[in-house]
Amino acid sequence: GESVGLHLPTLSVQEGDNSIINCAYSNSASDYFIWYKQESGKGPQFIIDIRSNMDKRQGQRVTVLLNKTVKHLSLQIAATQPGDSAVYFCAEKTSGSRLTFGEGTQLTVNP
Amino acid sequence: GAVVSQHPSWVICKSGTSVKIECRSLDFQATTMFWYRQFPKQSLMLMATSNEGSKATYEQGVEKDKFLINHASLTLSTLTVTSAHPEDSSFYICSARDGGRAADTQYFGPGTRLTVL
C-alpha cells in the first residue's frame, strides 16, 4: 500500500554541522511533499514543501531535494543549532487532500 | 499568518465521560480540517477529514459514533470523544487547509493532550 518511510529513526549532530534527514515514499503518483518539525508536546510546524515538478527548493537554512526516479526526499539543515532538535516528519499528499506521514526522525543537536 | 489554535491544550477526564476539543483557524478560512491522533514516539495517524457544512469522512478503523466531528463554520471544527476510556488517552492534533492560497498545505494546531482515568 501507500507508505512514506524514513531511513533513520535518530540522528545526532554537532552544533554548526549540516544535517540531512531522508525519506522514501512509495506512491509515484504523489505530487506534493511537506517537511514538518515537531517539538515535544507541540503540534507539527511547517518547514518547507516541494511539488513534483521541482527537484530542489530552498528556504532559510533548509533545502528540500526530491528525486522522483528513486522516490526519495531529503531535508538538509545548514549550520544546525540546538533549537533544531526535534522530530522531523515528511508527509506526502496522497488521494485528494490527505497527507500520509512518515515515521519521523529524532534530530539531536549536541553543543 | 496561517495560525491554528486548539482548546483545551490538555484535559483529564473520568472513564465514560465525553470530551470536546475545538480547532480554530484564526486568520484564514479553512474549507477542510483534519483530525489526527498521535501516540508517544509514533507518527501522526489521520482519523478523519471534515469539510465545512458536510459530514466528516472517517479513516478505516475509526469509529464515527465514538469520535464525533462537527465543522459548522469555515473557522471551527470540533472533535467530541464520547464515552472516553483509558485507551483513548492520546495527543489529538487538528490541521486546517487554506481554501485559497497554498491550498495543499496543512497548518497544524498545538495539539490537545487527553488523559482518561
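The values are calculated or read from the model by the stated rules, or taken from the named source; none is laboratory data. Bear in mind the structure is a predicted one, so any value in this text is a computation, not a measurement. In this analysis, Cβ positions are derived from the backbone assuming ideal geometry, glycine residues included, and neighbour counts consider all displayed protein chains. Side chains are part of the model used for accessible areas, which takes the heavy atoms of the whole protein and leaves out ligands, DNA and RNA. Shrake-Rupley method; radii C 1.70, N 1.55, O 1.52, S 1.80 Å.
Let me know the Rg and Dmax you get for region A:15-62 when you use only its Cα atoms, in Å.
Reported Rg and Dmax, both Å: 12.8, 37.
Quote to one decimal, in nm, the extra length available between A:Arg51 and A:Ala78 on full extension: 0.36 nm per residue of separation minus the C-alpha distance between them. Provide the component values of the computation, followed by the final result.
Details: separation 27, 0.36 × 27 = 9.72 nm, distance 2.16 nm.
In short, 7.6 nm is gained.
Under 1.5 on a/c is rounded, so check that first for region A:1-102, then, if it is not, pick prolate when a/b is larger than b/c and oblate when it is not; a ≥ b ≥ c are the square roots of the alpha carbon gyration tensor eigenvalues.
Values: a/c = 1.83, a/b = 1.52, b/c = 1.20.
Here region A:1-102 falls in the prolate category.
What is the mean number of Cβ atoms from other protein chains located within 10 Å of the Cβ atom of each residue in peptide A:36-43, rounded to a whole number? Show your work: numbers first, answer last.
Working: counts 4, 0, 6, 0, 0, 6, 7, 15.
Going residue by residue through A:36-43 and averaging, the value is 5.
At what distance in nm do the modelled label points of B:Ser9 and A:Ser95 sit from each other, each positioned 7 Å from its Cα along Cα→Cβ?
Reported label-point gap for B:Ser9 and A:Ser95 is 3.7 nm.
Karplus couplings for region A:43-50 from phi (6.51 cos²θ - 1.76 cosθ + 1.60, θ = phi - 60°), rounded to Hz, Gly and Pro as x?
x, x, 10, 4, 10, 7, 10, 7
List the cysteines of the protein assembly as shown that have no other Cys Cβ closer than 4.7 Å: which are they?
Flagged as lacking a Cys partner: B:Cys13.
Residues of B:25-35, mean number of Cβ from any other protein chain within 10 Å of their own Cβ, rounded to a whole number?
So the per-residue partner count for this stretch is 1.
For the protein assembly as shown, just the Cα atoms, rotate onto the principal axes and tell me the three extents in Å, largest first.
Dimensions of the protein assembly as shown along the principal axes of its Cα atoms: 49, 37, 35 Å.
On a 1.4 Å probe surface of the protein chains, which of A:Lys42, B:Lys64 comes out largest in accessible area, and what is the full order? If you can, show how the numbers build up before the last one.
On the way: A:Lys42 105, B:Lys64 130 Å².
Final ranking, largest accessible area leading: B:Lys64, A:Lys42.
Rounded to the nearest percent, how much of the accessible area of chain A (1.4 Å probe, protein heavy atoms only) is carbon and sulfur?
Details: 2460 of 5350 Å².
The nonpolar share, carbon plus sulfur, comes to 46 percent.
For A:91-104, what's the mean count of beta carbons from other chains sitting within 10 Å of each residue's beta carbon? Before the final figure, lay out each step's value.
On the way: counts 3, 0, 3, 1, 0, 3, 10, 7, 9, 4, 7, 2, 3, 5.
Taking all residues of A:91-104 together, the mean is 4.
May I ask you to give the percent of accessible area on region B:1-94 that is carbon plus sulfur, with a probe radius of 1.4 Å?
52
How large is the Kirkwood hydrodynamic radius of region A:52-95, counting all unique pairs of alpha carbons, in Å?
Evaluated on region A:52-95, it is 12.0 Å.
Among all the aspartates and glutamates, which ones have a C-alpha under 20 Å from B:Lys55's C-alpha, if same-chain residues fewer than 8 places away are not counted?
Cross-link targets: B:Glu22, B:Glu63, B:Asp65, B:Asp98.
Give me the summed buried accessible area for the B-A pair, 1.4 Å probe, to the nearest 100 Å². Walk me through the numbers on the way to the answer.
Details: alone 6360 and 6050 Å², together 11000 Å².
The summed interface area works out to 1400 Å².
For region B:1-105, what does the equivalent ellipsoid look like in terms of its semi-axes, each the square root of 5 times an eigenvalue of the Cα gyration tensor, given largest first in whole Å?
Taking √(5λ) for each Cα gyration eigenvalue gives 23, 14, 13 Å.
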